[in-house]
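> My questions all concern the structure below.
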Amino acid sequence: TTTTGPTTTTSKSSPSQLAAPISPTPNLVIEVFLPLLGLSENSFLVDLGCGDGRWLIAANKQVGCRCLGIDVDDGRLEMARKSICENGLLGDAVQVRRQDVFEFVNECDEICKADVVVLYLFREAMVEMGALLRRRVSLGEKRRVQILSVGFALIGWTCVR
């Protein structure tokens, strides 16, 4: 398991409930786990609750993969955009978007194209997210999708590493 950036994402089913901690992933965690994901320049990483964008930046700088970060906190998204620019990652390779992570997983086809999904949600939110991800990432072609959960396990999923 590993971490994603800080976020204040809420679920549609409980809009006032905080779904994720506001706590940046320690860089050491990213340094340890990122190489284990087997990303390539053809990979697509989605960070649900991207916060300051550190997973996105590290993945793109390390292997040149396309990255998309989703968050609802405008302040964190501004930090992510600033960091992306400061790291010279302009263009379409690394993007962030303001959207509820549950809405994104439930409604956006991009989640079906992800090779890696990074998330860090509270235990209660993981139950709903686990069900959404199981339904959405299994759509389309049969391929391997890695879900990197930081802090809490996805209920009903098997950890392979």
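> Tell me the helices (runs of 4 or more DSSP H) entirely within segment 20-119 that contain at least 1 residues that are of a type in the set (A, V, I, L, M) and modelled with pLDDT of 95 or more.
It comes to 54-63, 74-86.
> Within segment 62-83, can you find the residues that are open to solvent by less than 10 Å² (accessible area, probe 1.4 Å), among the aliphatic types (A, V, I, L, M) and touching a helix residue (DSSP H, G or I) at 6+ places or on another chain (Cβ under 9 Å)?
Matches in segment 62-83: L68, I70, A80.
> Within segment 78-97, track down each residue that is aliphatic (A, V, I, L, M) and under 13 Å from L68 (Cβ atoms).
Scanning segment 78-97 gives A80, I84, L89, A93, V94, V96.
The values are calculated or read from the model by the stated rules, or taken from the named source; none is laboratory data. A quick note: this is a predicted structure, and the numbers were derived from the prediction, not measured. For neighbour counting, all protein chains shown are included, and Cβ atoms are generated from backbone atoms with ideal geometry for every residue, glycine included. Side chains included, ligands, DNA and RNA excluded: accessible areas come from the protein's heavy atoms. Shrake-Rupley method; radii C 1.70, N 1.55, O 1.52, S 1.80 Å.
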